[in-house]
Amino acid sequence: MKILSSLKNISLADHTYSCITLGKFDGIHRGHQKLFQVMRSIADQGEELVAFTFDFAIRRVLTGKPVQNLFSTEEKRRLLEAQGVDILVECPFTEEIRTMDPEVFVRDYLVSRLHARRIIIGEDFHFGYNRTGDGDLLEGLSRVYGYSFYRIEKQTDKDGIEIGSTRIREALALGRMEQVRELLGFPYFIEEPVIHGNHLGGRIGSPTINQGINEEKLLPPFGVYYSRVHVGDQVYPAVTNIGCKPTVSRDQCPGAETYLFGFSDDIYEKQVRTELFHFARPEQSFGSVEELKAHIQKDMEHAAQYWGI
């Protein structure tokens, strides 16, 4: 997948055409997946499949705080590539872009630069200055600029309630990982390389792997989770602590520390995906390492029961 991330390189070669979907794509949830499914089904052979989103990194410059999303930039890129995207446009949300008239944006970026033959959006997508661009505008402009336009209804859950990033964020904040998984269509995960920790797990009889967590990633409550870890082509049941290790250390805070059942290999620096399935208990501070060890043993026993080991 090719990534275009500066205003000057948002363009396709002459005689190359595209099928474009636009959105924030926070989470690549089931609603987003529907957009990509439609995009794959309607694109003509030879058309580039383009996901156009906005990079809001400028907000960090203005506020001093990272913009937190369900998945980090790298995780999001991998998810989009898995959806069959050929080209990902991460358009910088500059003042020029923020104040741009929506028709100018369509004409200059989607049509002139990206040679759009088809444009697909969710029914609630807005763009342009003061969010004045919408599906009705795109549909009208399709007759001016000659592209085909598709507007996709919002996906709903089993209860008929619309699926959106706000609902997923709310469920994540409460540690409702089963609901998060249902709305996303896959388990919430952390995908980072394995790093060195303080090796306490090995010293107390339960060796673990440690992962740092990108500061732009939105996290569930700190605590213990029943998890599953992908190491290469293998998948292992596991139990994970998300947080700051208050009893022994605040290194790699926040971080993920995971015990994998039936696994003991050295995988330092290897990229692994840790999926969180169930929130078992909040993070606690214990009075001693021995007390911590006893609770870790209970967490492992409960996780083994959860996974049927």
Exercise for the section: Only one of these is among the acidic types (Asp, Glu) and within 18 Å of residue 149 (Cα to Cα): 108, 101. Name it. Expected result: 108
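Can you say whether residue 220 is within 25 Å of residue 66 (Cα to Cα) and not basic (Lys, Arg), as far as the supplied structure shows? First the steps, then the outcome.
Values: within 25 Å of residue 66 (Cα to Cα): yes; not basic (Lys, Arg): yes.
Yes, satisfied.
Is it fair to say residue 109 is within 26 Å of residue 45 (Cβ to Cβ) and part of a helix (DSSP H, G or I)? Before the answer, list the steps.
Values: within 26 Å of residue 45 (Cβ to Cβ): yes; part of a helix (DSSP H, G or I): yes.
Answer is yes for this residue.
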Handout entry: Leading residue by the ranking (farthest from residue 35 (Cα to Cα)) among those in the range 114-167 that are touching a residue at least 60 places away in the same chain (Cβ under 8 Å) and of a type in the set (Val, Ile, Thr)
Key = 163
Handout entry: Count - residues of the range 30-59 that are in contact with an Asp or Glu (Cβ under 6 Å, 6 or more places away or on another chain) and at positive phi
Key = 0
Practice task
Can you tell me which residue within the range 27-56, out of those that are assigned to a loop (DSSP other than H, G, I, E, B) and surrounded by fewer than 20 Cβ atoms within 10 Å (Cβ to Cβ), is modelled with the lowest pLDDT?
Solution key: 56
Exercise for the section: Inspect all residues belonging to the range 168-181 and state whether any of them is touching a residue at least 40 places away in the same chain (Cβ under 8 Å) and in a strand (DSSP E or B). Expected result: no
Handout entry: Which listed residue is assigned to a loop (DSSP other than H, G, I, E, B), at pLDDT 95 or above and not aromatic (Phe, Trp, Tyr), from 276, 219
Key = 219
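The values are calculated or read from the model by the stated rules, or taken from the named source; none is laboratory data. Bear in mind that the values here come from a model prediction, so they are computed numbers and not experimental data. Here the Cβ is made from the backbone with ideal geometry for all residues, glycine too, and neighbour counts use every protein chain on show.
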